[in-house]
1. Contour minus end-to-end for ALA25 and THR3, with contour as 0.36 nm per residue of separation and end-to-end as the Cα-Cα distance?
2. Of the peptides 1-7, 19-25, how do they stack up when ordered by the mean number of other Cβ atoms within 10 Å, highest first?
3. Which shape class applies to the range 8-48: rounded if a/c is under 1.5, otherwise prolate when a/b exceeds b/c and oblate if not, where a ≥ b ≥ c are the square roots of the Cα gyration tensor eigenvalues?
4. May I ask you to evaluate 6.51 cos²θ - 1.76 cosθ + 1.60, the Karplus curve with θ = phi - 60°, for each residue of the range 32-42 and list the ³J(HN,Hα) values in order in whole Hz, giving x for glycine and proline?
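Readers should treat all values here as calculations from the given coordinates under stated rules, not as data from a laboratory. What you see is a predicted model; the values in this text were computed from it and never measured. Cβ sites come from the backbone with ideal geometry, for glycine too, and all protein chains shown count toward neighbours.
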Amino acid sequence: MDTGTFRGIITGILIIAFIGLTLWAYSKRRHKDFEEAKNLPFADEDDAAANRDTSASRETDSRHDRGDRNT
């Protein structure tokens, strides 16, 4: 088997994998799952914002504490 044949086989396998993945991603059975995943960033955004704000204030407090210890 020479290099050209090997490259042709690999190209064929990759084309088949690409077509299979595309058919899987756009199948009607997956539509519901992708609709849920599409809306995940907007779910519980009030809780996420509250968690982000408290973690940021904790980080600021710990930076100030470290500065006080070093002086």
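1. Computed gain between ALA25 and THR3 is 4.7 nm.
2. Numbers: 1-7: 8.1, 19-25: 9.9.
Taking the mean over residues of other Cβ atoms within 10 Å, the ranking is 19-25, 1-7.
3. Details: a/c = 8.46, a/b = 2.80, b/c = 3.02.
It is oblate, given that a/c is not under 1.5 and a/b is not larger than b/c.
4. Working through the residues one at a time gives 5, 4, 6, 5, 5, 5, 5, 8, 4, x, 9 Hz.
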